[in-house]
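FYI, it's all coordinate maths here, none of it is from the lab. Only a predicted model underlies this, so the values are computations on that prediction, with no experimental measurement involved. FYI the Cβ positions are ideal-geometry reconstructions off the backbone, even for glycines, and counts take in every protein chain you see.
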Amino acid sequence: KEIWNKLYKFQKDGVMGAIEKIEKYGGCIIADSVGLGKTFEALAVIKYYELRNDRVLVLCPKKLRDNWTVYTQNDKRNILINDRFNYDVLSHTDLTRVRGKSGDIDLATINWSNYDLVVIDESHNFRNSYPSKGEMTRYARMMNEVIKKGVKTKLLMLSATPVNNRMNDLKNQISFITEGDDSVFEEEGIDNISNVMKLAQRQFSDWAKYSDRNINELFDRLDNRYFKLLDMLTIARSRKHIVKYYDSADVGRFPTRLRPINEKTDIDSEQLFPSLRNINNAIRKLNLANFSPISSLKEEKKAEYAAKYDYQLSTGSVFKQSDREKNLVDLMRVNYLKRMESSIYSFYLSIKALLEQVNDNLYKIEHITELSDSSVTIDNIDIEDDESDYLIGNKVKVLLQDIDLVKWRQELEYDRDTLTKLMESAATISTTRDEKLTRLKEVIAHKIENPLNDNNKKVIVFTAFADTATYLYKELSEWILKEYGLYAALIKGSGTNKTNFPGIERKEMNELLTHFSPFSKERHKTFPHAKGEIDLLIATDCISEGQNLQDCDFLVNYDIHWNPVRIIQRFGRIDRLGSKNEQIQLVNFWPNMELNEYINLESRVKGKMVLLDISATGEENLIEMNENDEMTDLEYRRKQLEQLQGTVLDLEDIQGGITITDTNMNDFRMDIMEYEKNHLVDLQN
């Protein structure tokens with residue numbers, strides 16, 4: 001099959017190992033490091049089972065859906081068209097839907113229990129989280145309706161995300177393989193999987209309290225059964241593993257990583273706009289009352305809403321919507337700060353949108369007599385009716401008449417006044433005063449005029465925010481075409497992409513990527529008559545995973561994630577085996593302040609909460625808190641970000657983190673095989 005012939009030797013070994021584990025234990029987690037081609041390994045496993053007439057389902061994040069569907073289509077962009085893949089593709093979020101369509105699949109009638117093999121891309125996203133009242137989580141649906149019902153379901157999971165704060169995510173993935181049976185591996189010496197994982201979590205948590213985290217000290221703490229469990233169910237190879245154990249003639253080589261370039265710029269070249277620290281102070285003082293209607297209820301109404309929305313967890317504690325709102329407000333404060341870091345344009349749009357919502361709610365307060373009805377209660381109104389004028393709130397709805405309007409009005413008016421000042425200040429920053437944008441142009445121009453490899457002029461610019469990406473495309477696409485005769489493209493997801501490259505009408509993501517990276521995407525097969533290329537790609541994190549863009553040798557992070565993993569995943573698009581480039585460059589844009597001050601700025605976010613990865617992936621990035629609501633892992637976060645300023649990291653090199661690659665026995669097994677080969681006669685004697 002074509003897919004098998006496209007694999008490197010180490011990938012073929014991974015495929016054979018995965019099939020062996022799936023057949024023996026019912027499932028496998030492939031956790032090879034970023035850039036080692038997990039998608040193609042999974043496709044080879046899928047084809048093996050399709051040839052056995054098995055029905056296959058691929059579950060992936062919505063942003064990666066096109067990466068998988070393209071190989072199932074009778075489409076000239078499908079470079080594996082002769083393999084005739086026939087699997088179904090659904091998004092993770094489709095598991096929480098009971099109606100509607102996902103592609104051509106009707107979610108109301110799909111037979112979830114009839115899949116012989118399920119492949120889960122980004123499987124760490126499946127957490128056994130607590131559902132909202134009356135809802136089923138994707139984890140519960142997967143376990144109860146896909147795995148436990150109907151035909152015996154085998155699992156293949158793909159994940160390269162490190163375990164930074166808890167190991168329970170890994171336990172949930174293992175539970176899919178075992179169907180939740182803790183005793184299934186008793187004959188392997190693992191009497192109770194949950195107990196083994198709980199012990200490992202306790203040992204990990206004790207180790208994680210130290211700012212100077214030594215991985216070897218953790219290994220000394222962990223139970224041997226934990227290592228055995230991972231060795232049974234995972235395949236995880238690092239970049240170092242491939243270089244050490246495989247001949248470069250068989251697997252190709254990695255490009256040389258140059259030392260990262262770190263750019264620090266102010267917001268306003270005229271120094272008239274408030275500093276980031278002052279903006280942060282203003283954001284911290286916002287009530288963000290739009291996001292906390294439950295907290296503004298009349299005292300006599302609080303019990304009524306608690307009965308409707310609060311519920312008891314299996315642990316015995318009560319999940320309160322008022323606590324959820326406090327966390328949401330904290331998250332939104334972080335969101336606005338990160339938007340300010342990203343671009344003044346993104347900050348302006350977000351503040352403008354929030355101000356419109358505040359004014360809309362103030363208008364409703366002024367017209368309360370028209371928007372209230374004493375016969376209506378939160379129990380008898382249809383809260384799913386988005387057209388109702390009586391209701392406010394998004395996921396959690398509240399009747400306007402049940403709000404303490406005096407208190408809420410005061411909070412909204414304070415927010416309105418503060419937001420108006422912020423928006424007016426942001427509106428004064430023209431593109432010519434945008435110091436960060438100006439510096440980006442200079443960086444791109446220098447790269448084009450001084451190529452790293454031959455005449456390679458390609459640049460990828462990543463940003464976490466679609467608004468920033470749109471802004472950059474508008475300001476850079478015409479400029480780079482006029483100054484250098486180069487074409488640009490914008491990729492934000494389905495239906496919102498743009499390009500000035502001639503001859504493209506649909507602006508479909510994979511087609512744009514093919515014209516940006518024609519060698520790695522084998523454009524000669526899909527567009528044999530194409531002339532010219534796209535040289536500047538501006539993108540959100542919708543392409544930060546699962547894409548091979550190794551034609552490019554220069555990647556810019558226009559904003560910095562709190563979680564260093566996202567930066568590593570982005571760079572993995574060009575840092576790949578078989579690259580035609582001798583060397584590759586990473587450029588990071590930072591706020592113009594010292595790293596310690598930047599970390600302290602972020603740390604002022606209060607509340608026992610999770611800090612969402614705000615690239616819209618929905619991935620949670622846990623930040624540990626102590627009893628004083630202070631972040632306890634700031635020191636090792638600081639060290640991680642400090643590392644990123646000086647070098648390009650692999651996931652397993654992140655200071656204070658741990659990956660599956662660290663904890664399985666692949667390297668040990670390869671060393672034994674090498675020793676056996678070199679000392680065969682001695683061993684025989």
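Please rank LYS264, LYS101, LYS458, fewest neighbouring Cβ atoms within 10 Å first, as an exposure proxy.
LYS101, LYS264, LYS458
What fraction, in whole percent, of alpha-carbon pairs in segment 2-180 exceed 26 Å separation?
Taking all Cα-Cα pairs of segment 2-180, the fraction more than 26 Å apart is 26 percent.
When DSSP beta bridges are limited to those with both residues in segment 2-180, what percentage is antiparallel, rounded to the nearest 5?
Percent antiparallel among DSSP bridges in segment 2-180 is about 10.
Taking segment 315-434 on its own, what percent of its Cα-Cα pair distances exceed 26 Å?
Value for segment 315-434 (Cα pairs over 26 Å): 35 percent.
Contour minus end-to-end for LEU481 and LYS1, with contour as 0.36 nm per residue of separation and end-to-end as the Cα-Cα distance? Can you show the working numbers first?
Values: separation 480, 0.36 × 480 = 172.80 nm, distance 4.18 nm.
Once the chain is fully extended between LEU481 and LYS1, it gains 168.6 nm.
Going by how many other beta carbons lie within 10 Å of each one, how would you line up VAL398, VAL376, fewest first?
Working: VAL398 23, VAL376 15.
The most exposed by this proxy come first: VAL376, VAL398.
Dimensions of segment 455-538 along principal axes (Cα, Å, largest first)?
34, 29, 21
Between ALA353 and PHE219, what's the calculated FRET efficiency when r is the beta-carbon distance and R0 is 41 Å? Round to 0.05.
Numbers: r = 49 Å, r/R0 = 1.18.
Rounded to the nearest 0.05, the efficiency is 0.25.
Note down the relative contact order for segment 2-180 as a percent, whole number, built from C-alpha pairs under 8 angstrom at least six residues apart.
Relative contact order comes out at 26 percent.
Quick check: net charge around GLN11, other residues with Cβ under 10 Å of its Cβ, Lys/Arg +1 and Asp/Glu -1?
+2
Multiply the residue separation of ASN195 and ALA249 by 0.36 nm, subtract the distance between their alpha-carbon atoms, and state the gained length in nm to one decimal.
15.0 nm
What number, in percent, do you get for the relative contact order of segment 274-427 if the mean sequence gap of Cα pairs under 8 Å and at least 6 apart is divided by its residue count?
36 percent
Output the Kirkwood hydrodynamic radius of segment 1-105, Cα pairs only, in Å rounded to one decimal.
14.8 Å
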